[in-house]
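Report on the following structure.
The values are calculated or read from the model by the stated rules, or taken from the named source; none is laboratory data. These figures come from a predicted structure and were not determined experimentally. Virtual Cβ from ideal backbone geometry, glycine too; neighbours counted across all protein chains shown.
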Amino acid sequence: MSARNGRTRARDHACVWGLKFKCMHACTATTWKRGLSALTKEQTNLSTVYGPVPSWRLGRSLGIDVLLPPKKCTFNCIYCQLGKTNVHISCPEMLSEPFVEVDKVASDLDEVLKRLDLGSVDVVTFSGTGEPTLNLNLGKIAKEVKKRVASLPLAILTNSSLFHRRDVRKNLSWFDLIIAKLDAGDDETFRLINRPADKKMHVETIIDSIKKLKKGIKGTMALEVMLLRSEDGQVTNVDGKPLRKLLDAILDVKPEQVQLEVPYRPPSEGSVKPPPVEKIEPILDELSKTLGEDKLWVYGLHDKRGISVNWLLHESLEKEVVELLRRRPCCLVDVSMSLGINLNAAESIIRRLEKRSLIVSQISEGERYYSYHSPQ
Ligand code: SF4
């Protein structure tokens, strides 16, 4: 995509949200005038399709990464399993590389579908290396993916930061399940936990735009809430005012589902810890009383993992493991289930990749997680 195209798109969209959001002016003045660099050779070679990964909420989830590494996000959450945000930006126009195109995702998916038994997949999930709504081709990509996996639901994991944009809400209308992040109900806690690139972003705007999106979609709206506490207790959403504000925000949104998580994978900041059970129990009590027990999904109580995926053929087990771990740190059993191979075979691949320094491991909450380690 040329710089000229980029500038044209920025002007075209300015009438929709340009006057409302300062970031637009900054983008037009800086990034767009510099033009867009092309995708690197490494990005072009990397598949946008990964997994299926075993998800505690969704079962066997085939992943679509519409961003590609390095990680690009509007947030830099203290608990992020992908580490620090490399490209920390407040809107799509600040991306310095072109959006991943529909054709790239379609051909990557066609290649995987030749080898994968789609009957052993429960859902197709848009997630990956950052915030997927940053890609403004998202709607077109979702439509193309839907054609290929018609019987499966399309889900998306998003941090909700761009829902104020009409184009983003339109893109999201293609999904059967939108899992929207909400970790705080007050600005101070929001900034401490999610660390938004746009310092002027308010959590109230996010809450209002989640409600607006919810009204305009046919699919299901779920809230994903990470319950956490830092070791020194300075950052928390399970105590005092931050907890009250968070609960009020959840109840205000009235989602069709609430998914409560704790940071069990290695977090970006080592001080982040899962809260003790006695902090979580009253939260479950209040939410189940007000929203209904059937609307609550709780990590540790509910778990849809444990069923293996069937592959007709593997292209390269090592490559598939690397592509998986670039998008999500996994323990050995996750790798084994994702690839439909036994634990010994999974372990031997992991050892080979460790010897080549392509992956590293870390213990978190008593479990060893493997993640990708960039050679640079
Ligand atoms: S957890 Fe999600 S929203 Fe937060 S920094 Fe990581 S990718 Fe971005």
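Is it the case that the stretch 136-145 has a residue that's modelled with pLDDT of 95 or more, buried (at least 20 other Cβ atoms within 10 Å of the Cβ), away from the ligand (no atom under 16 Å from the Cβ) and farther than 15 Å from Leu67 by Cα?
Within the stretch 136-145 (the criterion being modelled with pLDDT of 95 or more, buried (at least 20 other Cβ atoms within 10 Å of the Cβ), away from the ligand (no atom under 16 Å from the Cβ) and farther than 15 Å from Leu67 by Cα), the answer is yes, since at least one residue qualifies.
Quick one: which of Leu296, Leu343, Leu353 is in contact (Cβ under 8 Å) with a residue 12 or more places away in the chain and farther than 30 Å from Leu247 by Cα?
Values: Leu296 fails: farther than 30 Å from Leu247 by Cα; Leu343 fails: in contact (Cβ under 8 Å) with a residue 12 or more places away in the chain.
Going through Leu296, Leu343, Leu353 in turn, the sole match is Leu353.
Please tell me if Ala222 is away from the ligand (no atom under 16 Å from the Cβ), touching a residue at least 12 places away in the same chain (Cβ under 8 Å) and either in contact with a Pro (Cβ under 7 Å, 6 or more places away or on another chain) or among the small types (Gly, Ala, Ser) (or both). Before the answer, list the steps.
On the way: away from the ligand (no atom under 16 Å from the Cβ): no; touching a residue at least 12 places away in the same chain (Cβ under 8 Å): yes; either in contact with a Pro (Cβ under 7 Å, 6 or more places away or on another chain) or among the small types (Gly, Ala, Ser) (or both): yes.
No; evaluated as a whole, the condition is false for this residue.
Given the options Lys245, Lys289, name the one that is away from the ligand (no atom under 16 Å from the Cβ), in a helix (DSSP H, G or I) and touching a residue at least 60 places away in the same chain (Cβ under 8 Å).
Criteria check complete, one pass: Lys245.
Taking the stretch 276-293, which residues are of a type outside the set (Gly, Ala, Ser) and farther than 15 Å from Arg244 by Cβ?
Filtering the stretch 276-293 down to residues of a type outside the set (Gly, Ala, Ser) leaves 276-287, 289-291, 293.
Hits for the stretch 276-293 are Pro276, Val277, Glu278, Ile280, Glu281, Leu284, Lys289, Leu291, Glu293.
Please work out which residue is surrounded by the most Cβ atoms within 10 Å (Cβ to Cβ), limiting yourself to the stretch 263-283 and to residues that are modelled with pLDDT under 90 and under 18 Å from Trp297 (Cβ atoms).
Filtering the stretch 263-283 for residues that are modelled with pLDDT under 90 and under 18 Å from Trp297 (Cβ atoms), the one surrounded by the most Cβ atoms within 10 Å (Cβ to Cβ) comes out as Arg265.
Just one of Leu109, Leu68, Leu82, Leu62 is touching a residue at least 12 places away in the same chain (Cβ under 8 Å) and touching a Leu at 6+ places or on another chain (Cβ under 7 Å); which is it?
Numbers: Leu109 fails: touching a Leu at 6+ places or on another chain (Cβ under 7 Å); Leu82 fails: touching a Leu at 6+ places or on another chain (Cβ under 7 Å); Leu62 fails: touching a Leu at 6+ places or on another chain (Cβ under 7 Å).
Just a single option satisfies the conditions, and that option is Leu68.
Could you check how many residues of the stretch 117-175 are assigned to a helix (DSSP H, G or I), under 30 Å from Trp311 (Cβ atoms) and touching a residue at least 12 places away in the same chain (Cβ under 8 Å)? So that I can check it myself, show each step before the final result.
Of all residues in the stretch 117-175, those assigned to a helix (DSSP H, G or I) come to 118-120, 132-134, 138-148, 166-172.
Filter once more, keeping what is under 30 Å from Trp311 (Cβ atoms): 118-120, 132, 138-148.
Imposing the further condition that a residue be touching a residue at least 12 places away in the same chain (Cβ under 8 Å) reduces the set to 118-120, 132, 138-146, 148.
Of the residues in the stretch 117-175, 14 are assigned to a helix (DSSP H, G or I), under 30 Å from Trp311 (Cβ atoms) and touching a residue at least 12 places away in the same chain (Cβ under 8 Å).
From the list Leu157, Leu82, exactly one residue is within 12 Å of the ligand (Cβ to nearest atom), modelled with pLDDT under 95, buried (at least 17 other Cβ atoms within 10 Å of the Cβ) and aliphatic (A, V, I, L, M). Which is it?
Leu82
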